[in-house]
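What follows is one structure encoded as structure tokens, with my remarks underneath.
The values are calculated or read from the model by the stated rules, or taken from the named source; none is laboratory data. Note that this is a predicted model, so its numbers are computed, not measured. Positions of Cβ are generated from backbone atoms using ideal geometry, with glycine treated the same way; all protein chains shown enter the neighbour counts.
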Amino acid sequence: MKYLTQLLDKKVYRQDGSLLGKTTDVIAQLDARFPSISAIHVQEKESDLYIPFECVDFEDDPAGPNGAGNLQSDLRLNVPVESIPAYTLPPNTLHLRRDVLDKQIVDVHDFRVVRVNDVRLAECGVGYCVVGVDASLRAMLRRFGGAISRPIEATATLLHATLRANLIAWDDMQTLEPGTEEGGPLRLKVSHDKIARLHPADIAEIVEQLTPQQRVEVLESLDDETIADAIAEVDLDMQVEIMQQFNLDKARDVITLMEPDDAADVLDDMPESRSDDILDKMNPEEAEALNRLMEYHEDTAGGLMTTEYVAIPDHHTCEDTIQSLRALAPKAEMIYYVYIVDDDNRLVGVLSLRDLVVSPPATIIQNVMVKNVIRVHVDDHANEVAQIIGRYNLLAVPVVDEEERLQGIITVDDTLERLLPQERRRRLPSTAWQDTSND
């Protein structure tokens with residue numbers, strides 16, 4: 001026996017040869033690395049029985065491990081049915097047909113959501129255990145029986161399109177939590193520890209393949225910072241959909257951790273009543289900053305910018321600036337550039353981290369900063385911003401108002417996301433620092 005479907009719907013006979021019933025499900029215990037098969041569920045006329053697996057005999061494939069694994073006969077009890085002790089389903093029980101077969105499952109190795117067409121079993125010690133699932137067309141055909149599957153497989157082989165198993169190891173999947181009721185939906189394990197260790201872009205790829213309910217179940221099991229990073233990787237419509245499914249407290253916590261420009265986009269696309277409710281629950285200062293961003297059109301520099309940047313007064317020394325960076329950097333989206341402002345918050349210069357670090361600590365930053373700063377204005381169109389970033393090979397460009405007061409910065413990834421085709425819009429990794437002067 002190699003697959004769950006080879007064990008399902010088999011007739012089960014008593015020791016005297018009389019028919020007891022047929023197998024309707026197989027029970028496994030989440031008690032080790034691989035779930036162990038502990039019982040079969042047998043339908044007997046009007047009643048159901050759970051038969052411990054060790055009380056059942058069957059004739060396995062005579063070809064052994066190299067064979068197809070088909071059972072050569074139906075099942076038979078090796079003890080009188082009257083002597084079988086009452087079987088109580090323990091905690092952490094999986095009904096393999098109900099909870100696994102035909103369900104969607106997250107494959108955290110290839111970042112996919114797949115349909116389980118069969119469950120791979122293997123001998124483990126004195127019994128059997130679940131070692132993976134098969135998500136292939138071949139597994140689906142196997143369930144129709146040899147009369148259908150063999151001709152199709154033979155035809156595929158003649159056409160040089162041999163059907164192969166698509167085995168996914170149990171270790172490469174997010175462990176399943178048993179369903180709570182007969183026929184109920186598959187529920188994913190609350191911890192989602194394997195998903196949580198993925199890159200946000202990979203989490204987003206998985207989330208995009210799930211149903212709306214599954215998306216929320218997966219995301220709510222992660223910490224808020226991971227949720228914020230992952231949500232930023234999906235398209236805006238899905239971001240809005242997810243945020244509307246969260247309760248207000250969860251939505252507030254996630255919005256607070258998102259980059260301000262991303263958060264403003266999500267809030268701006270929500271129904272006004274919903275976004276107002278979320279903003280009312282936020283810190284007043286953070287809510288005010290998001291409200292200001294939402295006032296700008298999405299295709300302008302103001303609509304693209306983030307308010308998380310590093311700005312230092314022009315009278316600071318290099319040592320003062322380094323100390324300030326230690327406090328400000330965790331909240332800034334981009335720290336490759338340090339922007340210099342005067343007492344009225346007007347942009348007067350920019351400094352690279354390289355020049356800051358190599359300058360004597362007592363040097364006033366006015367004396368080492370670049371004064372001719374490439375900048376854009378809040379009402380400049382997004383296309384113009386992208387051209388400027390590309391022309392000068394910048395990682396970020398500062399945004400100023402009509403009085404040259406620094407309002408925010410636009411990073412290269414946010415600009416390219418607006419201009420690239422939808423299917424190519426993914427966060428771009430930061431690269432090495434590039435000079436921001438005209439030199």
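Condition (residue is within 10 Å of the chain's Cα centre (by Cα), modelled with pLDDT of 90 or more and not in a loop (DSSP other than H, G, I, E, B)) applied to the stretch 192-200: is it met by at least one residue? Yes: the stretch 192-200 contains one or more residues that are within 10 Å of the chain's Cα centre (by Cα), modelled with pLDDT of 90 or more and not in a loop (DSSP other than H, G, I, E, B). Take residue 404 and tell me if it is at positive phi and either crowded, with 18+ Cβ neighbours inside 10 Å or at pLDDT 90 or above (or both). In short, yes.
In summary, residue 248 fulfils each of the numbered conditions (1) surrounded by fewer than 17 Cβ atoms within 10 Å (Cβ to Cβ); (2) among the hydrophobic types (A, V, I, L, M, F, W, C); (3) closer than 16 Å to residue 203 by Cα with the single exception of condition (3). Applying the criterion of being out of contact with any Ser or Thr (no Cβ under 7 Å at 6 or more places or on another chain) and under 26 Å from residue 215 (Cα atoms) to the residues of the stretch 113-129, the residue that is surrounded by the most Cβ atoms within 10 Å (Cβ to Cβ) is 119.
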